[in-house]
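Working notes for the structure below.
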Number of protein chains: 2
Amino acid sequence: MRNLTEENLTDIVLERINSTDKRGQEVLTKLIKYLHAFVKDLEPTEEEWFTAIDFLTRTGKKCDDKRQEFILLSDVLGVSMLVDAINHRSKQEVTETTVTGPFHAPAMEMKMGDNIARGKEATSGEPALFRGKILDPDGKPIANAKIDVWQSNDEGFYDIQDDTQPEMNLRGIFTTDASGDFWFRSIKPSPYPVPTDGPVGEVLKASGRHPMRPAHIHFWIEAEGYQTLITHIFVEGDEYLDSDAVFGVKESLILDFPLNNNKEDAEKWGVKSPFSEVIYDFKLAKK
Amino acid sequence: MRNLTEENLTDIVLERINSTDKRGQEVLTKLIKYLHAFVKDLEPTEEEWFTAIDFLTRTGKKCDDKRQEFILLSDVLGVSMLVDAINHRSKQEVTETTVTGPFHAPAMEMKMGDNIARGKEATSGEPALFRGKILDPDGKPIANAKIDVWQSNDEGFYDIQDDTQPEMNLRGIFTTDASGDFWFRSIKPSPYPVPTDGPVGEVLKASGRHPMRPAHIHFWIEAEGYQTLITHIFVEGDEYLDSDAVFGVKESLILDFPLNNNKEDAEKWGVKSPFSEVIYDFKLAKK
């Protein structure tokens, strides 16, 4: 194994892989094949290669307990949605999935009807009521489903990006009873830019792309016996629905946020009038 | 740009690249093509994808001013040697190149003949004299060539890995005069493992590979009008010459380290007798 050349190097590196684990062997083999093919096709200068090393290093360093720059990188390169598509080929008629994104974080267990907007946005944001059911593919209610929701505030920031928000603001975990019903109060989501002050911002700039995501609220729904559903609800009419920076929009996940002016309804649900009333039934695939 | 699928996602991500820079456009296009092709071929589970995200994050976090885990990763995957091969296709008869590795660091300017071993290894290591010339492809001496050398100690650790060594130990920068001659004192290099306490160690372990590098000393030689030469001298007879963890060995860079028992020579060069005397002329390619 001396005098390796452009011609024989890839094969010799591949020959050295001797994993005891079949999937491990496959992952390492394909990683090296594609990585070497990329380098051979691109023919980076040494300076370009060090730029890549530095880019990856800075991306890692940008990560902390509140920020995940590598997920964001995967998102803006369309890789997260590709992984999502590959893992959700189910033919069951269920709610579609989309990216998790980098902003999921621990949240409090809440009671149905609670308001997840607990900061200044509880008054500055447009009030919204989210309600519906968690159903199986046949339309039967699922009890004990855990619904983890999170969204940005009316200025487009998640709590973990914004010291002025209370901790765990605009997040909450709700559990269904036998009816499968859920309902909670919040505000209408706003479009926002993904963070551009890190290495991912450089990629977007170099690509001539805007960083905006259309307004949405995240759902992560788990229930015993069902596939975990990670998805969004998008707001119909948003100007970025056709150019989402992370390629996450699906037609079936775009909902109207109609204004409800009925004062009795506002009183019934405990929201200010008028409010956006979003009604959606999530269907989870069977395992 | 809604309802993206496994089939159309890659093309749509590619269509969004609109760089003002031609090379930038090429880099981004090829990155996305190969990355998506890798993911489509591998079909990672979502758990595997998060494992990859976590691996990259930890690799970035392991880097600091004394450690570069991404260079090490590139090295053990054979990518650094591939980049090296692509960038040194010169047909000029000059010294061959090899990996820079992750252990280059600032060094002191020294006078010809100085001993770069300034710690306990100055006595525990086997004394070695390195001498020769810096030449152009026609064999003519190059004046004002800067020779940056670095090596590990007799236990296989570089100064930046080992708090017990003096700062900038076993490193030095020498400048040739009109004769092109260089000579300096040090110790005979030892084989050593690349660091395995970080994410790269996990890759080696998963690959069933040992982490050892054959004994070597690094050279980074720069001179006005010539291509920078980054290379090693390897020690003939080392047991890892045929299984270098970073694929860096080239036959032409392996030298005998013959013992010189001549007391007068030892006195002349200011080394303890007996000493390894390594004589090598480096030839730099013209720009």
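The numbers here are math on the coordinates, done by the rules we state, and not lab data. What you see is a predicted model; the values in this text were computed from it and never measured. When we count neighbours, we look across all protein chains shown, and the Cβ atoms used for this are built from the backbone with ideal geometry, even at glycine.
A few notes on this one:
- Of the residues A:Thr10, A:Thr123, the one with the fewest other Cβ atoms within 10 Å heads the list, and the complete ranking is A:Thr123, A:Thr10.
- Rounded D (µm²/s) - segment A:1-43, Kirkwood Rh over Cα pairs, Stokes-Einstein at 10 °C, 1.306 mPa s: 143 µm²/s
- Net +/- balance of residues flanking B:Cys63 in space, Cβ distance below 11 Å, scoring K and R +1, D and E -1: +3
- Size-normalised alpha-carbon gyration radius of segment B:140-246, reference 2.2 N^0.38 Å: 1.24
- Taking label positions 7 Å along the Cα-Cβ direction at both A:Lys287 and B:Ser243, the computed distance is 4.2 nm, reported to one decimal.
- Once divided by 2.2 N^0.38 Å, the Cα radius of gyration of segment A:215-268 becomes 1.48.
- Counting Cβ atoms of other protein chains within 10 Å of each residue's Cβ and taking the mean over peptide B:195-206 gives 1.
- Binned Cα-Cα distance frequencies in segment B:88-198 - 5 Å width, integer %: 2, 11, 19, 20, 19, 14, 9, 4, 1, 0
- Taking 19 Å as the limit for the C-alpha separation, the pairs A:Lys33/B:Lys40; A:Lys140/A:Lys188; B:Lys62/B:Lys120 exceed it in the case of A:Lys140/A:Lys188; B:Lys62/B:Lys120.
- Here the dipole of segment B:72-217 is about 300 debye; that uses its Cα centre as origin and unit charges on the Cβ of Lys and Arg (positive) and Asp and Glu (negative).
- Here's the picture: charge each Lys and Arg Cβ at +1 and each Asp and Glu Cβ at -1 in segment A:79-283, and of A:Pro189, A:Tyr158, A:Ile217 the one pushed furthest to the positive end of that dipole is A:Ile217.
- Fraction of alpha-carbon pairs over 22 Å apart in segment A:23-179 - percent: 62 percent
- Unit charges on C-beta of K, R, D, E only; dipole of chain A, Debye: 700 debye
- The local environment of A:Lys283, defined by Cβ-Cβ distances under 12 Å, has a net charge of -2 under the rule Lys, Arg +1 and Asp, Glu -1.
- Shape analysis of segment B:9-76 yields a ratio of the Cα radius of gyration to the Kirkwood radius, Rg/Rh, of 1.06.
- Partner shielding of B:20-32 amounts to 4, given as the average count of beta-carbon atoms from other chains within 10 Å of each residue beta-carbon.
- Given +1 at the Cβ of Lys and Arg, -1 at the Cβ of Asp and Glu and no other charges, the dipole of the protein assembly as shown around its Cα centre is 60 debye to the nearest 20.
- Proximal charge balance of B:Asn153 [Cβ under 12 Å; K/R count +1, D/E count -1]: -2
- Farthest toward the positive end of the dipole of segment B:92-283, out of B:Thr228, B:Val246, B:Ser207, is the Cα of B:Thr228, where the dipole comes from beta carbon charges about the Cα centre.
- Only alpha carbons enter this Debye calculation for segment B:69-134, each as an equal point scatterer, and the log10 of I(q)/I(0) it gives at q = 0.13, 0.20 Å⁻¹ is -0.64, -1.02.
- Segment A:166-226 - Debye-derived log10 I(q)/I(0), Cα point model, q = 0.13, 0.16, 0.22, 0.28 Å⁻¹: -0.60, -0.77, -1.00, -1.23
- Pairs of alpha carbons in chain A whose separation is greater than 35 Å (percent): 29 percent
- Sites listed here are trypsin sites (Lys or Arg not before Pro) in segment A:114-163 whose DSSP assignment is loop and whose Cβ has at most 15 other Cβ atoms within 10 Å: A:Lys120.
- Distance-filtered residues of segment A:1-33 - backbone nitrogen under 17 Å, label point 7 angstrom along A:Asp41 Cα→Cβ: A:10, A:30-33
- Ranked packing of A:218-224, B:232-238, most packed first, by mean Cβ within 10 Å: B:232-238, A:218-224
- As computed over the protein assembly as shown, the Cα convex hull volume per residue (Å³): 165 Å³
- When B:Trp150, A:Trp49, B:Trp183 are arranged by Cβ crowding within 10 Å, least crowded first, meaning fewest neighbours, the order is B:Trp183, A:Trp49, B:Trp150.
- Pairs of lysines in segment B:208-287 whose Cα atoms sit within less than 25 Å of one another amount to 4, provided the residues are eight or more positions apart or on different chains.
- Rounded to the nearest whole Hz, the Karplus-based 3J(HN,Hα) values (6.51 cos²θ - 1.76 cosθ + 1.60, θ = phi - 60°) of segment A:59-72 follow the sequence 5, x, 5, 6, 6, 8, 5, 10, 9, 10, 5, 6, 4, 4, with x at glycine and proline.
- Largest-first principal axis extents of the Cα set of segment B:197-287 (Å): 52, 38, 23
- Closest approach of a chain A beta carbon to the axis mapping chain A onto chain B (residue, whole Å): A:Gly60, 0.
- Per residue of A:252-258, other chain Cβ atoms within 10 Å of the residue Cβ number 1 on average.
- Spacing of the modelled spin labels on B:Gln161 and A:Gln25, each 7 Å from Cα toward Cβ, amounts to 3.0 nm.
- Given charges at Cβ of Lys, Arg, Asp, Glu: segment A:16-82 dipole, positive-most of A:Val79, A:Pro44, A:Phe55: A:Val79
- Checking every one of the GluC sites (Glu not before Pro) in segment B:143-206 against DSSP loop status and a limit of 15 other Cβ atoms within 10 Å picks out B:Glu155, B:Glu167.
- The convex hull drawn around the Cα atoms of segment A:192-231, when projected onto a plane and averaged over every direction, covers 4.0 nm².
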